[in-house]
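Here is the structure we will look at, set down as C-alpha cells.
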Ligand SMILES: Nc1ncnc2c1ncn2[C@@H]1O[C@H](COP(=O)(O)OP(=O)(O)OP(=O)(O)O)[C@@H](O)[C@H]1O
C-alpha cells in the first residue's frame, strides 16, 4: 500500500500553492457548506490541542484551524494548507487511508507509516457527493498522540453527516429551482421545446415540443441527440466562466435548430441550464424576444439584462437601473415587478426630477389632516404608502435635491414613513427600484449625491445598454412598433424603404434610444404612404441621414422616389419594403406634398382652417411625431388630438391610402 514511500520521511510534500488554493476555495461548494460546520468543530476541540482540517479528494489540505502552539508543531511535518496527505505521498495516515478505504478511520501514533508522523493521532471521515456517492472531501481532526480522546472519530463522523445533509438540502433546493424555472419556461415560451439540465448537463426534464422538434429536425430522440460531446461543446462554449447567470443563443446548423441557453442559479451558484429549442428559420420567435415584461430584444446584451432582472425579481433587494434616457429603464422596472411575488400589489412610479422641491416630502411621505394651508381635511397617503405590498419606482433619482436625500435614506433604513404634520410612524413594505441616466459615482465625488443613499439603492445595479450597442435588436423593435402602430391607427402595417431601414439599423446612433425610435416611427407612420421613405421622417433624422451619406435626399415637399409601378406596398409582416419597389433614386415631380395642407381636407370640418392644420402639422414635426407630447403642448387629451387629426384628414388619409 505504501509503495515507493520512504518510511524515514519526516514531512510530506506541499503541492498546492496559495493562489491555487484561493481559486479552489472561491468556487468550492464543499468548502462553502463545510465552513460553518468546521468552525463549530474547531470550537468544540478548542483547548484540547487538536487541529481541524478539510481536505480535497486527493488528500490536499484546504482548510486548517486549531491551537496556535500545536499548529507550529504540526508545521514540522508539513501539516499545512496545500500539503499532500495522500498515502502515495506519506503512507498510512488517517486522511490518505480514509480516501483509500472510503470509511471513517483513526490512525494512532506508530500506526502511521512514516516516522515523522508517529507523534500524532488523527481521525478522518469521508464526505460523499449526494448523487454520485463519490468521495468529494475528507474531514480530519489531528492531535499529539498523548492527547488522544476516545470520542474524536465519532465527532468527525457526525460533522461529515452534518455537511452531507447541508449538501442534500442544497441539491434539493437547486432541483426545486430548476424545476420551477422549467415550468415557467414551458408556460412562457409556448410552442418551443424546453429542456432542463442539471449542472453536470444531465437532462432532468424535457417537454413534448422539444422531443418533436428534435425528431423532425435532427431525426433523433432527445437521449440520442444529447449523447454527443460536440453538441455539449457547441452549446456551452459560450457560457460565462464566472458562473454569472446569463442567456445566449446558439445555432446548431447540423441539427437545423436554434437553442437559447439560460443558466439557472440558486443561492449564488450555477445549478443547471434551460434550453429553449426552436427550428431554424421558424418565424416564431423563441420566447425571450417578447416574453419578459414586454421587453423586445434578442441581443446577448439585452438577454443578459433580462436574465439578471428575472433573478432579482424573485428577491426583495433594492435595484438600481442605469442607462441612457429612453433605453427602457421603466419598462424593466415594471418587468421586475411583474415577474416577482409582488405582482399583485401596486407599481407606483415617481419621477423625482419632475416633482417640485417643496412638494417632494408631501408627495412621497403624505401628510396628516390639515397639515398645512390648503391640505385636504382627511390627509393624504404618500407614494411610499401607495406602494404598500408592491413596488415603488424612483425614476430620475439623480435629480433628487441633496437636502431631501437624507429623508429618503431614513425611510429606506427605518422602513417606515411619518406623514407631514404627524408624529405617527407608518410601516412601509415596498420594494424599491431606482433609476437614473446620470453617473451617480461622479455626483458623489462632486458632493451632489449621498454615498450612503447610493449604497442603499444599489445593492444590485443593472445597466441597460444603449440601442446603438445592440443594433441586432433594432429590426425586432421596428417590427414590434410598426405592429402596434398599425393596430392603433387601423392601417395596414407599413414597410420601410431599404435605404431608410439600413440607416435605422446600421448607421443612426439613436441618442434617444428606443423612445426616439418609437417617436420616429410614430411620426413616419402618420405621414407615410404605406412605405416609410426619407421624407416621412422627422427633420432631425432626415438631416442626420443627409449628413450621413452623400445620397440626395428627397426635399421636404418632394414626391416619393419613383420607380416602375410605384406602388410601394409593405409586404406581409416584413419590415422592409421590397427593394424592387422603392429604390432610392432621383427625385421626380412633386404633385402633392404629404406635409403640406391638402386642400381637399384642410377645411373639411367646420372650425378647421388650413392654418390650424398647418400649425398642427408643424407641431407634430417639432415633437418628432410624439402624439403624447403634442397633446401635452396643446394642453388637450390624446383622444382630442386624435379627433383633431381626423378632422384635418391626417388620420383619414392614412386610412384611405
Ligand atoms: N426593449 C424594449 N422593448 C420594447 N419597448 C421598449 C424597449 N425599451 C424601451 N421601450 C419603450 O421605449 C420607451 C422609453 O422607455 P422607458 O420610459 O422605459 O425608458 P427610460 O430609460 O425609463 O427613459 P427615461 O430615463 O427618459 O425615463 C417606452 O415607450 C418603452 O415602452
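Every number in this text was worked out from the coordinates using simple rules, so none of it is lab data. Here the structure is a predicted model, which means the values were calculated and not measured. Ideal geometry is used to build each Cβ from the backbone, glycine not excepted, and the neighbour counts take in all protein chains shown.
Before anything else, pin down the relative contact order of the range 334-427: Cα pairs under 8 Å, at least 6 apart, normalised by residue count, whole percent.
RCO, the range 334-427: 35 percent.
Eigenvalues of the Cα gyration tensor times 5, then square-rooted: what semi-axes does that give for the range 312-463, in whole angstrom, largest first?
25, 19, 13
Using the alpha-carbon centroid of each, what span in Å lies between the range 55-92 and the range 335-353?
Cα centroid of the range 55-92 versus Cα centroid of the range 335-353: 54 Å apart.
Place a label point 7 angstrom from the Cα of residue 629 along the Cα-to-Cβ direction, then list the residues of the range 493-514 whose backbone nitrogen is under 17 Å away.
Only 509-514 fall inside the zone, counting backbone N under 17 Å.
How do 52-61, 490-499 rank on mean C-beta neighbours within 10 Å, highest first?
Highest to lowest by the protection proxy: 52-61, 490-499.
In what order do 151, 519 fall by count of nearby beta-carbon atoms within 10 Å, going from fewest to most?
151, 519
Over all pairs of distinct alpha carbons, what does the Kirkwood formula give as the hydrodynamic radius of the range 248-368, in Å?
17.0
Direction-averaged shadow area of the convex hull around the Cα atoms of the range 100-218, nm²?
Orientation-averaged projected area of the Cα hull: 10.6 nm².
Can you give the convex hull volume per residue for the Cα atoms of the range 18-169, as a whole number of Å³?
It comes to 101 Å³ per residue, whole-number rounded.
For the range 363-452, with equal point scatterers placed on the C-alpha atoms only and solvent neglected, what are the log10 I(q)/I(0) values from the Debye formula at q = 0.24 1/Å, to two decimals?
The calculated log intensity ratios at q = 0.24 Å⁻¹ are -1.20.
Once you sort the root eigenvalues of the Cα gyration tensor of the range 9-84 as a ≥ b ≥ c, which label holds: rounded (a/c under 1.5), prolate (a/b larger than b/c) or oblate (the other case)?
Judged from the Cα gyration tensor, the range 9-84 comes out oblate (a/c at least 1.5, b/c at or above a/b).
Among rounded, prolate and oblate, which fits the range 381-426 when a ≥ b ≥ c are the square roots of the eigenvalues of its C-alpha gyration tensor, a/c under 1.5 means rounded, and a/b larger than b/c means prolate?
oblate
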